[in-house]
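Here is the structure we will look at, set down as structure tokens.
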Amino acid sequence: MWRKRLCAPSSVSRRLARLGAVAAVAGGSASPAVAQSPREANPERPTFATHAYAVAPGYAEFEQGLAARGTGSLREETSWDVNLKVGVSRHLQIGLFGPAYTRTPAGSGVGDLGMAVKLRSDLSPRAAVALVPSVTVPTGSAARGLGAGRALGGLVGVVSTDLPGVHVDVNAGPQGIGAGAPQWFASLGGSRGFGRVGVAVEVFEFTAGGAGSRLAGVLGAVTLRLVEWAVVDAGGVARTSSGTPDQVFVGITTNLGRLF
């Protein structure tokens with residue numbers, strides 16, 4: 001198994017960066033619905049969606065990645081996106097996420113940071129569901145194209161299941177809550193592991209709303225499990241609707257071990 005908000009290209013890219021940090025598909029590992037080591041990294045990147053699993057209780061996991069985005073050129077925006085996840089209980093995970101640094105033509109600095117709470121439950125040894133409410137706060141400068149200038153919320157429902165030969169994640173729910181009409185998000189992703197290597201493909205769409213215009217595209221990525229507690233990823237996004245930034249990215253997810 002496996003892991004972005006209004007009208008200008010740079011603001012669209014900010015939305016992709018933030019929502020991508022909330023989210024995921026884990027590549028090249030067994031289903032977390034089946035017993036696994038608490039030190040095994042289970043990324044929620046690099047996809048727009050998330051899976052329905054959580055970091056083991058008392059453990060922490062840190063995701064980070066570099067991305068280049070743009071509608072005309074990939075040099076239009078670059079960012080360093082982070083996501084720190086902590087397992088509170090078997091059914092509860094808390095994550096702190098966002099662009100720790102973003103560069104746009106208008107300026108550079110920290111983007112809008114946020115928190116996501118994952119409430120999850122197993123349906124069977126091969127399937128699980130989750131509900132993920134999230135909120136971002138205006139820590140990034142809207143004048144410099146680094147933030148939305150207001151707090152925004154989101155709520156995503158998740159279904160994850162292992163089918164013969166492929167793992168599937170389905171996500172759906174409203175985003176950009178607090179900026180007028182919400183943008184409805186839907187994603188369908190599939191991944192498969194080949195030993196330490198994993199591949200993933202995802203199709204996604206955000207409808208038009210108060211926080212921005214319609215976004216849609218196809219994401220492809222490859223992952224490599226270096227050791228049990230570290231997974232690297234690389235890939236890109238190709239737009240299927242005008243105004244959606246293309247993207248290339250590389251990142252790493254590290255299980256930091258037990259905190260409490």
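The values are calculated or read from the model by the stated rules, or taken from the named source; none is laboratory data. Since we're looking at a predicted model, the values are computed, not measured. As a convention, Cβ positions derive from the backbone with ideal geometry for all residues, glycine included, and neighbour counts pool all protein chains shown. Accessible surface areas use protein heavy atoms only, side chains included; no ligands, DNA or RNA. Shrake-Rupley method; radii C 1.70, N 1.55, O 1.52, S 1.80 Å.
Across the range 175-189, the qualifying residues are those that are open to solvent by 20 Å² or more (accessible area, probe 1.4 Å) and assigned to a strand (DSSP E or B), and the one among them that is farthest from Leu215 (Cα to Cα) is Ile177. Scanning the range 190-204 for residues that are open to solvent by less than 50 Å² (accessible area, probe 1.4 Å) and not hydrophobic (A, V, I, L, M, F, W, C) returns Gly190, Ser191, Gly193, Gly198, Glu202. Quick check, is Gly257 at positive phi and in contact with a strand residue (DSSP E or B) (Cβ under 7 Å, 6 or more places away or on another chain)? Spelling it out, Gly257 is indeed at positive phi and in contact with a strand residue (DSSP E or B) (Cβ under 7 Å, 6 or more places away or on another chain). Checking each residue in the range 75-93 for being part of a strand (DSSP E or B) and of a type in the set (D, E, K, R) picks out Glu77, Asp81, Lys85. The number of residues in the range 45-67 that are out of contact with any Asp or Glu (no Cβ under 7 Å at 6 or more places or on another chain) and under 18 Å from Val88 (Cα atoms) comes to 10. Of all residues in the range 62-74, one or more are crowded, with 17+ Cβ neighbours inside 10 Å, modelled with pLDDT under 95 and part of a loop (DSSP other than H, G, I, E, B). Taking the options Thr207, Thr139, Thr161, name whichever one is in contact with a Phe, Trp or Tyr (Cβ under 6 Å, 6 or more places away or on another chain), open to solvent by 10 Å² or more (accessible area, probe 1.4 Å) and modelled with pLDDT of 95 or more. The conditions single out Thr207.
The test for being touching a strand residue (DSSP E or B) at 6+ places or on another chain (Cβ under 8 Å), more than 16 Å from Pro43 (Cβ to Cβ), hydrophobic (A, V, I, L, M, F, W, C) and not in a loop (DSSP other than H, G, I, E, B) does not hold for Val232. Among the numbered criteria (1) farther than 25 Å from Gln64 by Cβ; (2) of a type in the set (S, T, N, Q); (3) modelled with pLDDT of 95 or more; (4) open to solvent by 20 Å² or more (accessible area, probe 1.4 Å), which one does Thr254 miss? Unmet condition: (1). Apart from one condition, Leu92 fits all of (1) over 21 Å from Ala41 (Cβ atoms); (2) open to solvent by 10 Å² or more (accessible area, probe 1.4 Å); the exception is (1). May I ask you to say which residue of Leu146, Leu155 is touching a Gly at 6+ places or on another chain (Cβ under 7 Å) and outside any strand (DSSP E or B)? Checking each option against the conditions leaves just Leu146.
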